[in-house]
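What follows draws every value from the coordinates through simple rules; no lab data is involved. Because the structure is predicted, anything quoted here is derived from the model rather than measured. Reconstructed Cβ throughout: ideal geometry from the backbone, glycine too, with neighbour counts over all protein chains shown.
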Amino acid sequence: MELKMFILVLGLLVGSLMPLGGAASSPDTGTGHGGSHGNKNPGNGTTYSKKPFPVLSFDYEHVRLPFEISLWVLLASLMKLGFHLIPRVSSIVPESCLLIVVGLLVGGLIKMVGEDPPVLESKIFFFYLLPPIILDAGYFMPIRQFTENLGTILMFAVVGTLWNSFFVGGLLYGVCQLEGHKLAYVDLLSCLLFGSIISAVDPVAVLAVFEEIHINELLHILVFGESLLNDAVTVVLYHLFEEYSSVGSITFMDVFLGIVCFLVVSLGGIVVGAIYGILAAFTSRFTSHTRVIEPLFVFVYSYMAYLSAEVFHLSGIMALIACGAVMRPYVEANISHKSHTTIKYFLKMWSSVSDTLIFIFLGVSTVAGPHQWNWTFVVATVIFCLVARVLGVVGLTFVINKFRIVKLTSKDQFIIAYGGLRGAIAFSLVYLLNPKHFPMRNMFLTAIITVIFFTVFVQGMTIRPLVDLLAVKKKQETKRSINEEIHTQFLDHLLTGIEDICGHYGHHHWKDKLNRFNKKYVKKCLIAGERSKEPQLIAFYHKMEMKQAIELVESGGGAKLPSALPSTVSMQNIQPKKPSQDRALPQLSKAREEEIRKILRTNLQRTRQRLRSYNRHTLIADPYEDGWNEMLLKRKKMKELEKKMNNYLTVPAPPPDSPTITRARLASDPQAWGLKSVTESIPTIKVDLASPQSPESVNVVDEFSKKGSQPKEEEGGLTMKVPSPAKQRKDKTPDEEPQQRLMRCLSDPGPALVFVSPVLLCLTKVHSRQYAM
Amino acid sequence: MITIVMGSFQSLPDDHQYRTLSQKTGFSLEQIAILHNRFKQLSQNEETLRRDDLKTIQDLESNPIRSQIIEAFFDSRNFQKDVVGSVEEIGFEEFLTVMSYFRAPPQHITEEQREEIRRAKLRFLFNMHDTDNDGTITLEEYRHVVEELLSRSGALGRETAKGIADAAMLEVASISVGPMAPDEFYEGITFEHFLKILNGVEIETRMNIHFLNMDATVLCK
């Protein structure tokens with residue numbers, strides 16, 4: 001049913017596109033005329049005859065251009081929707097193939113009507129369609145894997161592309177010469193130019209295909225990184241050959257200049273990108289009052305980086321990647337959570353639309369573009385491309401494996417070679433060639449389209465079953481756990497330490513130095529406020545907590561627990577080490593336990609304690625253990641609590657201090673709270689302010705009476721939860737009065753807690769010492 | 001603490017001795033020679049290395065887990081089987097044995113060998129955390145680990161370290177043991193649980209450093 005509706009809508013859409021889309025050779029050149037052909041009153045100046053006022057008129061021309069663009073975007077998006085309604089097809093055929101087929105169909109329809117289908121103009125492609133995809137890739141690039149494999153990626157990108165271009169170009173020239181009459185006019189430089197265009201692995205195609213096969217991160221970053229970094233090589237070779245093909249020869253000087261140009265183009269692009277990235281990070285420092293436009297800065301600065309690099313003919317792609325990668329850690333620390341979500345979704349949305357449009361236009365352009373088919377040339381191109389890629393990968397891996405710690409296996413090599421897809425960038429570059437200088441342009445165009453179709457269709461469709469067949473490692477879907485994060489950091493420091501002991505400055509040493517430099521100087525400049533000093537582990541921890549809280553709220557507030565929450569185990573299950581045997585461990589009888597439980601239940605009926613997931617342990621009156629809220633909020637609440645206490649306490653309350661001072665004072669001053677009203681009848685609630693590591697802290701007998709592990713509840717009040725005393729803590733003397741350890745969490749204290757809380761705050765280490773002795 | 005007297009190792013590079021070491025630890029002869037030079041430099045040409053010798057390395061000063069790294073070199077569990085305790089000084093053989101934990105696995109190995117290497121490296125990490133040699137990492141020890149990691153971050157680090165360590169223990173318990181009734185306990189992380197929680201981290205590929213094959217003499221000051 002859904003599907004039928006969808007096809008109907010689609011048909012209408014395409015139908016409306018045909019007369020409109022065909023009327024201009026490309027949306028870019030469509031100009032909206034001011035003239036309206038529906039206007040019944042063309043005369044100006046003649047006021048003699050009064051015509052009736054035009055209630056409704058048809059004036060298409062002046063909205064033509066935006067209308068057409070919107071229609072194309074709408075078509076692309078509906079196509080994307082449609083593929084997912086047909087489940088079987090989308091699991092066999094990658095989306096890019098389907099989109100090209102759709103483009104072919106649309107192009108065919110337009111041609112049948114007799115109009116000229118629009119072609120993928122290079123300007124539109126390079127300025128509007130490509131940047132979102134690259135920015136999306138650069139902003140979310142996994143920096144750690146990228147830098148770890150940078151050497152390998154650079155080898156593949158630079159040396160691999162050079163090898164491919166010369167191999168394909170040279171061999172094609174040979175074939176052309178051999179062929180004789182038809183192809184003799186193709187000279188060496190044109191062949192080399194063609195080789196350089198076609199040998200570059202395309203990021204758009206790689207992303208589109210690799211996204212769906214979920215391959216392991218190493219291979220993904222290798223192929224993807226290669227496709228991004230080979231842009232510089234392609235740019236230089238393209239310009240070099242293009243410039244000199246009209247002249248007809250290249251001297252040694254030109255080659256040398258070409259190498260210099262390559263360095264300038266790539267490093268220059270990166271520098272431009274980094275500068276804009278730092279500017280964006282710096283700007284985001286001040287956006288705390290205008291959160292709404294935060295995403296805008298990210299997008300505009302990145303786009304400016306791209307355009308600025310293009311002004312100087314530097315590598316725009318590398319600039320964009322550098323900008324995104326540089327600005328990300330600082331911007332993310334500064335912007336609000338909503339802005340972060342906005343940026344993520346806008347980038348994904350734009351890159352998705354761009355991606356779809358590119359493939360559709362590729363299909364349409366295939367139908368439209370002037371073709372010149374030459375069997376020899378095309379077949380030779382396809383074969384040489386494949387052979388060059390395989391030889392290149394194998395040869396380079398042989399060299400690279402000498403320097404890598406983790407070697408690349410032959411399975412990896414196969415996937416790298418097979419994943420070298422060509423795409424729309426190559427097509428656009430050929431399209432830019434001037435037909436006057438390059439009479440064989442149409443043949444090149446045909447050959448390129450064939451290669452693109454071959455790689456996208458054949459390689460794209462078969463890579464998924466091949467990955468399954470070869471049992472290549474897939475991406476791990478598990479969420480990053482806090483243990484893994486702790487150990488990742490631990491490993492980093494450990495490896496740096498071992499390198500220092502060994503005495504040679506390796507990879508980890510320099511990374512550590514960079515991190516320290518970053519922490520000391522850069523973060524202070526670019527990150528606003530407190531967060532500049534936040535270490536990575538703590539940032540990760542906060543992010544996790546935030547995510548879990550959001551999950552909890554979204555799942556209905558405690559009714560259904562998110563799976564990640566370790567709610568089945570609470571801190572009471574995790575006990576510290578059994579003490580050494582020289583301390584007597586008193587046993588409490590079950591009857592006593594029951595008594596304690598009853599007493600507590602009656603006393604503490606009306607208080608509800610909100611539980612936190614990570615702090616179910618002895619949360620002694622230390623509200624600052626929890627890193628959840630901002631410090632200020634906690635302090636405010638603490639102050640409120642203390643103010644309330646003042647009304648109920650018989651003992652004078654302290655002035656509201658900062659928490660560290662309060663804690664220090666209470667801990668050090670035994671006479672601060674001389675609460676003598678502890679009698680036998682009242683069950684004394686003893687809380688220990690000291691950290692559990694100090695010996696005194698565990699002198700308090702704690703019989704926990706438990707109420708079972710409660711699931712995490714949503715915000716809203718306090719629940720007193722008394723943990724179970726199942727395991728005995730070390731203790732010196734059992735006490736008459738049961739002393740319980742209370743679990744308490746921060747928030748607005750309930751009324752009954754007010755009775756308890758002065759007791760909580762009053763009792764100090766000293767009391768426990770007294771009892772212990 | 002058990003003090004082991006090291007005295008049998010000669011100071012002259014003996015080819016035969018290098019060969020046995022090479023067989024034992026897997027390093028090549030050149031790598032052993034370079035590491036031996038480094039050992040001599042650190043120990044000031046003596047035959048044994050002490051903790052203070054390692055403490056003099058300047059680059060280690062800024063490492064937050066410095067003391068744990070140094071301790072690991074003197075932990076008997078890392079170079080002798082079934083012995084616990086720490087020693088005061090180590091010889092070159094022990095130094096090399098500890099270093100061999102950071103060798104990359106060879107390229108063509110079977111799954112079992114890979115698993116074995118993984119276990120060995122994780123055992124080394126486990127020993128670093130389990131400071132009282134009882135076979136489990138308790139909450140206290142884990143807290144200590146997190147605190148050390150955050151030790152350069154001041155007060156903010158200390159306060160959240162506890163929370164982080166608690167969260168981590170909770171996670172281990174729920175992954176390893178699953179739902180626990182309120183009167184069950186989770187004593188501490190055993191080695192098997194440790195293996196489980198670090199399943200996602202590819203230790204055998206990550207816990208490696210690049211050992212020089214040629215004497216490039218990029219030596220510490």
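Averaged over peptide B:34-43, the number of partner chain Cβ atoms lying within 10 Å of each residue's Cβ comes to 2.
For region A:122-478, the mean projected area of the C-alpha convex hull, equal to one quarter of the hull surface, is 18.3 nm².
Distance between the 7 Å Cα→Cβ label points at A:Lys51 and A:Lys524: 7.5 nm.
As a calculated quantity, the FRET efficiency between B:Glu61 and A:Arg144 at R0 = 30 Å, using C-beta atoms, amounts to about 0.75.
In terms of its Cα atoms, region A:86-227 spans 53, 45, 32 Å along the principal axes, sorted from long to short. Across region A:273-338, counting alpha-carbon atoms alone, Rg and Dmax equal 11.8, 38 Å. What shape does region A:107-188 have by the C-alpha gyration tensor, where a ≥ b ≥ c are the square roots of the eigenvalues, rounded means a/c under 1.5, and otherwise prolate means a/b greater than b/c and oblate the rest? Oblate is the answer for region A:107-188, as a/c is 1.5 or above yet b/c matches or exceeds a/b.
With each label modelled as a point 7 angstrom along the Cα→C-beta vector, the A:Asp116-A:Val311 pair spans 3.4 nm. Sorted on the mean count of surrounding Cβ atoms within 10 Å across their residues, most packed first, peptides B:117-126, A:49-58 read B:117-126, A:49-58. Measuring r between the beta carbons of B:Gln23 and B:Glu192 and using R0 = 35 Å, the FRET efficiency lands at 0.70. Taking one equal scatterer on every alpha-carbon of region A:216-354, how large is log10 of I(q)/I(0) by Debye at q = 0.09, 0.11 1/Å? So the normalised log intensities work out to -0.35, -0.50.
What's the Cα-based Rg to Rh of region B:46-114, Rh via Kirkwood?
Using only Cα positions, Rg/Rh for region B:46-114 is 1.05.
Volume per residue of the convex hull around the Cα atoms, evaluated for region A:382-536, comes out as 232 Å³. Packing order of peptides A:401-412, A:81-92, A:227-238, highest average first: A:227-238, A:401-412, A:81-92 (average count of other Cβ atoms within 10 Å over each peptide's residues).
Enter the Cα centre distance for the pair region A:240-281 and region A:174-239, rounded to the nearest angstrom. Region A:240-281 and region A:174-239 have Cα centres spaced 18 Å from each other. Over the C-alpha trace of region A:408-486, radius of gyration and Dmax come out as 19.3, 64 angstrom.
Between B:His16 and A:Lys513, how high is the FRET efficiency from 1/(1 + (r/R0)^6) when r is the Cβ-Cβ distance and R₀ = 41 Å? Nearest 0.05.
Numbers: r = 40 Å, r/R0 = 0.98.
After rounding, the FRET efficiency stands at 0.55.
Specify whether the C-alpha gyration tensor of region A:82-136 places it in the rounded, prolate or oblate class, a ≥ b ≥ c being the square roots of the eigenvalues: rounded for a/c under 1.5, otherwise prolate if a/b is larger than b/c and oblate if not. Verdict is oblate for region A:82-136. Applying Stokes-Einstein at 20 °C and 1.002 mPa s to the Kirkwood radius of region A:182-273, computed over alpha-carbon pairs, gives a translational diffusion coefficient of 142 µm² s⁻¹.
Please order B:Asp15, A:Asp116 by the number of other Cβ within 10 Å, starting at the fewest.
Placing the least packed residue first, the sequence is B:Asp15, A:Asp116.
Under a model in which nothing but the beta-carbon of Lys, Arg (+1) and Asp, Glu (-1) is charged, region A:238-383 shows a dipole of about 700 debye around its Cα centre. At q = 0.11 Å⁻¹ the log10 of I(q)/I(0) for region B:50-169 amounts to -0.46, computed by Debye summation with a single uniform scatterer per C-alpha, solvent ignored. Restricting the calculation to Cα atoms, region B:13-73 shows an Rg/Rh of 1.04 when the hydrodynamic-style radius is the Kirkwood one. Neighbouring Cβ atoms from other chains, within 10 Å of the Cβ of residues in A:404-412, number 3 on average. In terms of the mean number of neighbouring beta-carbon atoms within 10 Å, the peptides A:323-331, A:193-201, A:138-146 order highest first as A:193-201, A:323-331, A:138-146. The modelled label-to-label distance between A:Glu179 and A:Ser288, using points 7 Å beyond Cα along the C-beta direction, is 6.7 nm.
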